[in-house]
């Protein structure tokens, strides 16, 4: 897969703190996009823009936008994600952790096939590590949460822990949001030390 990297530009960067050795709960990043800014976010393919106080993606295919520090090891990543339209089979909106790039990361993916999955994506190739049934809906906002600590990955939707597994492929990385054959909006991104 040939993916061109696009840096999103706007006014001010998201609030970030890069203290990685701090106790659990320390804020690493917060971005609600209310200022109309996507500064600090780097996108792969797709069409990414901030509109109406949310980061949106409006193209078909698989793409991600990442932010933060490549040194983050233990992260609790939360986002409000809305699948605003299905553009092909396997439609999903995702929250990402330990992102090496826009094509290599761990993801908690909420799929239109009424399933939530923990995925490992390496160079654009996705492997499902764990899955559970979950009733998804288009144009409905869902609170997605992905916690990575050591080799443990845990995914929650709407406050309910639904999937968990272990994997040691990625030990640190940035955070992000992503889509697969979906248009979507993302808001209220928060990252704390797990």
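Read-outs: derived from the displayed coordinates by stated rules, not from any lab. Keep in mind that what you see is a predicted model, and the values were worked out from it rather than measured. For neighbour counting, all protein chains shown are included, and Cβ atoms are generated from backbone atoms with ideal geometry for every residue, glycine included.
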Listed with the fewest Cβ neighbours within 10 Å leading, 134, 186 appear as 134, 186
Relative contact order of the stretch 25-193: what whole-number percent is it, with Cα pairs under 8 angstrom and at least 6 residues apart?
35
Under the 7 Å Cα-to-Cβ spin-label approximation, residue 164 and residue 151 lie apart by a distance in nanometres of 1.6
How much length would be gained if the chain were fully extended between residue 127 and residue 27, taking 0.36 nm per residue of separation minus their Cα-Cα distance, in nm to one decimal?
33.0 nm
Alpha carbon centroid spacing (whole Å) that separates the stretch 138-162 from the stretch 28-57
20
Residue 141 and residue 34 label points (each 7 Å along its Cα→Cβ direction) are spaced in nm at 1.2
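Can you tell me the order of 171-177, 84-90, 109-115 when each peptide is scored by its average per-residue count of other Cβ atoms within 10 angstrom, highest first?
171-177, 109-115, 84-90
Give the order of 62, 127, 165 when sorted by the count of other beta carbons within 10 angstrom, beginning with the fewest. Before the final figure, lay out each step's value.
Working: 62 23, 127 12, 165 16.
Fewest-to-most Cβ neighbours within 10 Å comes out as 127, 165, 62.
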With the Cα gyration tensor of the chain giving a ≥ b ≥ c as the square roots of its eigenvalues, does the rule (a/c under 1.5 for rounded; else a/b larger than b/c for prolate; else oblate) give rounded, prolate or oblate?
rounded
